[in-house]
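The values are calculated or read from the model by the stated rules, or taken from the named source; none is laboratory data. What you see is a predicted model, and the numbers here were worked out from it, not measured in a lab. When we count neighbours, we look across all protein chains shown, and the Cβ atoms used for this are built from the backbone with ideal geometry, even at glycine. In case anyone asks, the SASA skips ligands and DNA or RNA and just uses the protein heavy atoms, side chains included. Shrake-Rupley method; radii C 1.70, N 1.55, O 1.52, S 1.80 Å.
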Amino acid sequence: MAVSFLRIDDRLIHGQMAASWIGSSPCDGIVVIDDDAANNEMQKRVLLSILPSVKTWVFSIEEATQKLPKVIESQKQYYVIARNAKGLSRLVTAVPELRQAISKVNVGPLSKRQDAIPVNKGQSITSEEIPAFNHLAGLGFNIEFRLLPDTVAVSWESAVKKLDGANHD
């Protein structure tokens with residue numbers, strides 16, 4: 001299995017993620033899956049330059065459907081990072097091999113946005129994102145909201161209780 005870490009992070013690659021998570025599981029390279037980043041040359045250049053010692057690719061979801069099966073078959077270990085749950089949900093639908101390659105989804109920073117409900121420190125989700133998280137959970141992914149390896153994780157099941165409580169307040 002060549003995917004050692006699967007993450008949702010609205011900042012994609014950043015110093016906190018790199019300093020904290022790389023080393024917590026094997027990382028021979030990072031594959032960023034995001035349509036906006038893949039189609040914005042400036043953003044793509046920035047992402048490719050953040051960790052010069054780690055091979056990095058930035059693919060649109062369409063490109064990833066072609067490339068990711070090869071990544072999964074590789075002997076090397078890769079981090080796969082999507083900007084949001086909707087994108088990851090689309091990806092695992094298009095690349096079912098990803099479901100066999102890894103069973104856990106780590107959710108990193110999801111910025112506070114209008115109408116977003118906090119589920120953990122620095123992590124808020126909107127009602128529009130809930131179906132994508134439910135889809136991922138329904139496929140058998142263990143979803144954990146955890147910013148850093150040494151912080152407490154909140155499971156999707158616990159997050160749903162917070163969301164249900166917020167909807168009834």
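Observations
- Selection from segment 80-127 of residues that are within 22 Å of Asp150 (Cβ to Cβ) and open to solvent by 50 Å² or more (accessible area, probe 1.4 Å): Ser103, Lys104, Ser111, Pro118, Lys121
- Flag for Asp35 being acidic (Asp, Glu), crowded, with 19+ Cβ neighbours inside 10 Å and either at pLDDT 95 or above or closer than 25 Å to Thr126 by Cα (or both): no
- Within segment 1-21, the set of residues being under 14 Å from the mean Cα position of the chain (by Cα) and either modelled with pLDDT under 85 or of a type in the set (A, V, I, L, M, F, W, C) (or both) comprises Val3, Phe5, Leu6, Ile8, Leu12, Ile13, Met17, Ala18, Trp21.
- The listed residues are Ile117, Ile61, and the only one of them that is over 12 Å from Val3 (Cβ atoms), in contact with a helix residue (DSSP H, G or I) (Cβ under 7 Å, 6 or more places away or on another chain) and at pLDDT 95 or above turns out to be Ile61.
- Only residues that are farther than 18 Å from Val54 by Cβ and touching a strand residue (DSSP E or B) at 6+ places or on another chain (Cβ under 7 Å) were counted in segment 68-93, giving 6.
- When the residues of segment 138-152 are filtered to those that are surrounded by fewer than 17 Cβ atoms within 10 Å (Cβ to Cβ) and of a type in the set (A, V, I, L, M, F, W, C), the one that is nearest to Gly23 (Cα to Cα) is Leu148.
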